[in-house]
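Visitor: There's a structure below that I have some questions on.
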Amino acid sequence: PRVCVVGGGPAGFYTAQHVLKHHGGARVDIYEKLPVPFGLVRFGVAPDHPEVKNVINAFTQTARSERCAYYGNVTVGRDVTVAELRQAYHAVVLSYGAEDNRVLGIPGENLSGVYSARAFVGWYNGLPENRDLKPDLSCESALIVGHGNVALDIARILLSPLSLLRKTDITDGSLAALACSKVKRVWLVGRRGPLQVAFTIKELREMINLPGARPVLNPADFTGLEDAIKDAPRPRKRLTELMIKTALEKPGEKTLEVQAAAPREWGLKFQRSPQEVLPTVDGQRARGVRMVLTRLEGSGDSAKAVPTGDVEELECGLVLSSIGYRSLPLDPSVPFDTQRGVIPNSSGRVEGVPGLYCSGWVKRGPTGVIITTMNDSFDTAQSVLEDLQVGVLDVSTSREGFGAVGSILRSRGVRPVSFSDWEKIDAAEVARGKAAGKPREKIVDPQEMLQLIGH
């Protein structure tokens, strides 16, 4: 059987890995829009979290398998259609992730100084489409809308000492911009309360212990919460206890000295919903955000934030919205639920289209960490294997796989990038990084990548 996977991120690689491992004869081809593989592991994981990127080693093993092939620089939906892939393969799995972001939908969102978290993360991680972002870091206060791990990542990158960032694979350009940054205060704002934050304890602890930055938490937000978390699940309980401790504990003298000397600070603001980004006098730039205070209806994860009518303004020249990523429809022939931003499916089988599957964020929505995506992709791969076993997928007719797709691409002037091509780019990045004392220096221009491999 020939299986095609669309998307070279974690979902695509885990799907391929599972199929290859559990079917001794299957061949899997992975198509990726960018010349370089690994998706959010390369472009989403924070530069100062290198251990999270270790999964790349397993993905590389998969790509090097003689029954697997990688074709980068191929945009499915433009260079080749899903219908053409379905003719060439017995099964097609869509694992192309979430390449857009949710918008706040408030006045002033398009002012200069307002950025999506997705674009900002893409900028410091070398995502080609965000390489020219040039965020303005000339203000002292930044406001991040959202209480997830991505919001904490951004706050940490904005406030980290340069000595820490210099040792990471953060891009050269963003390191230079952060070196000149005037930002010394970051507020993370959420519509709901401390019991509804979406970040995890590891990321919060890292932020609390960040050298040169002190946490500013309002004790009033945390009083009486001990009772509320008595029966909460353990991760939520430990996370809340850490916030309570940070907010309510009287710091010792040593801590006081360190905090007084800390040139930067960050804080969490709760039960506030952004209503408008306020413009400067000339109407060009952001100068602050007007927020409406909310009250919570219900409790726990399902609590809803209801606006009270009271408003508050916060001065800031940099606004980052970190309220989630969003998948986009790929091809008119593929069903898509625009409300939920996913492909309608059951266990990864696309509704009403036999032989078509999906895995990862486009299957279940843009939530969860790499391990969540792994389990989800194994689940989809299992559906493919079952369908092969019971004959839902007809393997008696041979399919040409890349044989057919390759000639379509050639006729359209598209030159795919192989995995050994990527390994040349990889070697060049590592060599450039070594010269600068970093694990790698990412190439951010796709044209430069293609020139390097003689395309």
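The values are calculated or read from the model by the stated rules, or taken from the named source; none is laboratory data. Note that the structure is a prediction, hence the values are computed from the model and not measured. A quick note on method: Cβ atoms are made from the backbone with ideal geometry, for glycine too, and the neighbour counts reach across all protein chains shown. Please note that ligands, DNA and RNA were not included when accessible areas were found on the heavy atoms of the full protein model with its side chains. Shrake-Rupley method; radii C 1.70, N 1.55, O 1.52, S 1.80 Å.
Visitor: Leaving out ligands and nucleic acids, and using a 1.4 Å probe, what accessible area per residue does the chain come to in Å²?
Guide: Here the residues of the chain average 45 Å² of exposed surface.
Visitor: With just the Cα atoms of the chain, tell me how far they stretch along each of the three principal axes, in Å, largest first.
Guide: Computed over the Cα atoms, the extents are 72, 51, 45 Å.
Visitor: Using the per-residue mean of other Cβ atoms lying within 10 Å as a proxy for protection, in what order, highest first, do the peptides 391-397, 54-60 fall?
Guide: 54-60, 391-397
Visitor: Can you give me the convex hull volume of the Cα atoms of region 1-118, divided per residue and expressed in Å³?
Guide: Cα-based convex hull of region 1-118, divided per residue, equals 133 Å³.
Visitor: From the P(r) of region 77-203, can you give the percent of Cα pairs sitting at distances over 25 Å?
Guide: Value for region 77-203 (Cα pairs over 25 Å): 38 percent.
Visitor: For residue 396 and residue 57, calculate 0.36 nm times their separation in residues minus their Cα-Cα distance, and state this gained length in nm to one decimal.
Guide: 118.5 nm
Visitor: If a/c stays under 1.5 just call it rounded; otherwise compare a/b with b/c (prolate if a/b is bigger, oblate if not). Do that for region 377-455, with a ≥ b ≥ c from the square roots of the Cα gyration tensor eigenvalues.
Guide: Oblate.
Visitor: Could you tell me the center-to-center distance, by alpha carbons, between region 288-353 and region 68-116 in angstrom?
Guide: 18 Å
Visitor: Summarise the accessible area of region 265-402 (1.4 Å probe, protein heavy atoms) by the percent that is carbon and sulfur.
Guide: 50 percent
Visitor: Once each part is reduced to its C-alpha centroid, what is the distance from region 388-410 to region 189-231 in angstrom?
Guide: Each part reduced to its Cα centre gives a spacing of 52 Å.
Visitor: Using packing as a proxy for protection, rank 332-340, 357-365, 183-191 so that the peptide with the highest average count of other Cβ atoms within 10 Å comes first. Walk me through the numbers on the way to the answer.
Guide: On the way: 332-340: 13.4, 357-365: 27.2, 183-191: 22.4.
Those peptides, ordered most packed to least, come out 357-365, 183-191, 332-340.
Visitor: Suppose each label sits 7 Å from its Cα in the direction of the beta carbon; what would the residue 230-residue 216 distance come out to in nanometres?
Guide: Distance between label points: 3.5 nm.
Visitor: Rounded to whole Å and sorted largest first, list the principal axis extents of the Cα atoms in region 343-399.
Guide: Projected onto its principal axes, the Cα set of region 343-399 covers 38, 21, 18 Å.
Visitor: Turning to a different aspect of this structure: Holding the Cα-Cα limit at 21 Å, pick out from 134/184; 184/269; 202/442; 184/250; 53/442; 33/202 the pairs that are longer than that. Please report the intermediate quantities before stating the final value.
Guide: Values: 134/184 18 Å; 184/269 17 Å; 202/442 27 Å; 184/250 23 Å; 53/442 14 Å; 33/202 32 Å.
Table pairs above 21 Å Cα-Cα are 202/442; 184/250; 33/202.
Visitor: Another one. Taking θ as phi - 60°, what are the ³J(HN,Hα) couplings along region 396-402 by the Karplus curve (6.51, -1.76, 1.60), each to the nearest whole Hz, with x for Gly and Pro?
Guide: Whole-Hz 3J(HN,Hα) from phi for region 396-402: 5, 8, 7, 10, 7, x, 5.
Visitor: Given axes a ≥ b ≥ c from the Cα gyration tensor, I'd like to know whether region 169-296 is rounded (a/c under 1.5), prolate (a/b larger than b/c) or oblate. Please list the in-between numbers first.
Guide: On the way: a/c = 1.86, a/b = 1.25, b/c = 1.48.
Oblate, because a/c is 1.5 or more while a/b does not exceed b/c.
Visitor: If you don't mind, there's one more thing I want to ask. Taking every alpha carbon pair in region 103-321, what does the distance histogram look like in 10 angstrom bins from 0, in percent?
Guide: Result returned by the calculation: 8, 32, 36, 21, 4, 0.
Visitor: Please give the calculated 222 nm ellipticity per residue for the chain, where each DSSP H segment of at least 4 residues contributes -39500 (n - 2.57) and the sum is spread over every residue; nearest 500 deg cm²/dmol? Provide the component values of the computation, followed by the final result.
Guide: Working: 17 runs with 162 residues, N = 455.
My calculation for the chain gives -10500 deg cm²/dmol from helical runs alone.
Visitor: Using the Kirkwood radius over Cα pairs, work out the Stokes-Einstein diffusion coefficient for region 225-313 at 20 °C and 1.002 mPa s, in µm²/s as a whole number.
Guide: 130 µm²/s
Visitor: Lysines within cross-link reach of residue 230: Cα-Cα under 17 Å, excluding same-chain residues under 8 positions apart?
Guide: Hits, sequence-local ones excluded: 245.
Visitor: What area, in nm² and to one decimal, does the C-alpha convex hull of region 324-455 cast on average over all directions? List each step's numbers first, then the result.
Guide: Details: hull surface 46.3 nm².
Its Cα hull, projected and averaged over all orientations, spans 11.6 nm².
Visitor: Each residue of region 130-143 in order: what ³J(HN,Hα) in whole Hz does its phi give by Karplus 6.51 cos²θ - 1.76 cosθ + 1.60, θ = phi - 60°, with x for Gly and Pro?
Guide: 10, 5, 9, 4, 6, x, 7, 10, 8, 9, 8, 10, 10, 10
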